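The values are calculated or read from the model by the stated rules, or taken from the named source; none is laboratory data. All of these numbers come straight from a predicted model, not from anything done at the bench. Quick reminder, even Gly has a Cβ in these numbers, built from the backbone with ideal geometry, and neighbours come from all protein chains shown.
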Amino acid sequence: MFDRFVRNILNGQQIIHKIRHVQTVRLMFLHQYIKNECPAVLSLGARMASTSSNRPIQRSKLLNDYRTNRIGANLQLTDLGDHVLEFALDPRGSRFIEQKLGHANPTETAHLMDALRGNVLTLSKNLYGSHVIQKALESITSLSCHECGSRVIECVLEHCTEQQKRPALEQLNDNVLTLATDQHGNFVIQHLIKHGLPEDRERIVRSLHEKVTSLSIHEYGNRVIECVLEHCTEQQKRPMLEQLHGNVLSLVTDPYGCFVIQHVIEHGLLEDRERIVRSLQGDIMKNGHLNSFCNVVNKCLIFGTMEQKNVLIDEVCTDNGFGHPPLLEMMKHPFGNTVVQKMLHVADSARRNKMMFAIKTAQLKTREIDHRNRLTPFKNVSKGAANNG
């Protein structure tokens, strides 16, 4: 039984061998037939295979002239025009760009990188293109402070690999305060906070800790502080929040600082809003005419609890010692008036009635005073006539 099984296997192997032999013979015959009878078919196939693997690269005249040394010494980065990407992806063209970048000023570098901005992903995956990016990033701080360059840096940080952008990130982390107060650099720092790794975000926040108050009242720095409050963890931003709480009254009256406090109200904890509301108490009458202050109060009325809103409403309805609550003065100012309207909108029925009562009482008192003032001249005239008589 076993012998028969072995013989069947051997016979099967012989059959397979014969089939393969027949196939080989047929293929050789077919190839010979084509070679003898239809040489054009064979040559066409060979040509197609050759063109698919060794197809010549179609270069522009500018790149071709540079590669053949027809131009060279006089060629500048600004001359590349629409051929920047082509040069960056070419072995010799990329070397030319790298050499020129070594002596280029920040504006020239920024304009070159801006021309490549839409192709950062392509460049980062190309051997020669990645070298161009790395060379440009050697001056990342100056690029980040340039209108065009800052947008390129954001694009590079978004599309390049961690290994490619790590040297650039180290430079950025060493210049956080400089960039945070720059017109264009602040956007780069914001991009890092929003999209960077947790360890990079941690380093940025630590760099900002020492200048929280001054950055909060800075034209550009306040945006970076707001970005931290919006995107960082509670642990990262708590030391920053404590500094802000210690300076609430000075920040709410500042045109930039007020935006930072509004961000605390919107993105902070319940206890942060509670502390800010307590800080505002007692200052509404003094600052109720300021746009910045009124914007902060409005934010409290939007995001605060009912209890916190009631505290602010009670504050404006309380008599100021002269028979007039702050509510009446605020109604006369364009900014304070928006706060009064917001209070009427968010107040519960009891507080709304309290506000309306304060307004009506003030109107009655005003009418009484006006009536007295109108009667006073007649009283004086009648007294004078009596004395003359």
For LEU112, state whether it is among the aliphatic types (A, V, I, L, M) and surrounded by fewer than 18 Cβ atoms within 10 Å (Cβ to Cβ).
no
Name every residue in the stretch 246-299 that is in a helix (DSSP H, G or I) and β-branched (Val, Ile, Thr), in order of residue number.
VAL248, VAL252, VAL260, ILE261, VAL264, ILE265, ILE276, VAL277, ILE284, VAL296, VAL297
Can you name the residue in the stretch 131-145 that is aliphatic (A, V, I, L, M) and either within 11 Å of LYS165 (Cα to Cα) or in contact (Cβ under 8 Å) with a residue 40 or more places away in the chain (or both) and is also surrounded by the fewest Cβ atoms within 10 Å (Cβ to Cβ) among such residues?
ILE133
So in the stretch 124-147, with the set limited to residues that are in a helix (DSSP H, G or I) and under 22 Å from GLY221 (Cβ atoms), which one is modelled with the highest pLDDT?
SER144
Which of the residues belonging to the stretch 176-219 are outside any helix (DSSP H, G or I), touching a residue at least 40 places away in the same chain (Cβ under 8 Å) and over 13 Å from the mean Cα position of the chain (by Cα)?
THR181, ILE217
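Of the residues VAL228, VAL152, only one is surrounded by 22 or more Cβ atoms within 10 Å (Cβ to Cβ), out of contact with any Cys (no Cβ under 8 Å at 6 or more places or on another chain) and over 21 Å from VAL120 (Cα atoms); which?
VAL228
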Under 9 Å between Cβ atoms, at least 6 apart or on separate chains: pull out the pairs that start in the stretch 267-292 with a residue that is on the phi > 0 side of the Ramachandran plot and end on any residue that is surrounded by 18 or more Cβ atoms within 10 Å (Cβ to Cβ) and assigned to a helix (DSSP H, G or I).
GLY282/GLU315
Contact list please: Cβ distance under 6 Å, first residue in the stretch 342-361 and within 20 Å of VAL296 (Cβ to Cβ), second residue aliphatic (A, V, I, L, M) and in a helix (DSSP H, G or I), pairs at least six apart or on different chains.
LYS342/LEU301; MET343/ILE313; VAL346/LEU301; ALA347/ILE313; ARG351/ILE313
Does ASP90 qualify as being in the same structural domain as ASN126 (by TED's automatic domain parsing), farther than 29 Å from CYS145 by Cβ and in contact with a helix residue (DSSP H, G or I) (Cβ under 9 Å, 6 or more places away or on another chain)?
yes
Given the residues GLU154, GLU147, which is the only one that is out of contact with any helix residue (DSSP H, G or I) (no Cβ under 7 Å at 6 or more places or on another chain) and either assigned by TED's automatic domain parsing to the domain that holds LEU112 or farther than 17 Å from ARG201 by Cα (or both)?
GLU147
Answer yes or no as to whether GLU86 is surrounded by 15 or more Cβ atoms within 10 Å (Cβ to Cβ), within 18 Å of PRO167 (Cβ to Cβ) and more than 27 Å from the chain's Cα centre (by Cα).
no
Under 7 Å between Cβ atoms, which residue pairs at least 6 apart in sequence (or on different chains) link something in the stretch 57-85 that is within 18 Å of LEU112 (Cβ to Cβ) with a partner that is of a type in the set (Asp, Glu) and assigned to a loop (DSSP other than H, G, I, E, B)?
LEU63/ASP90
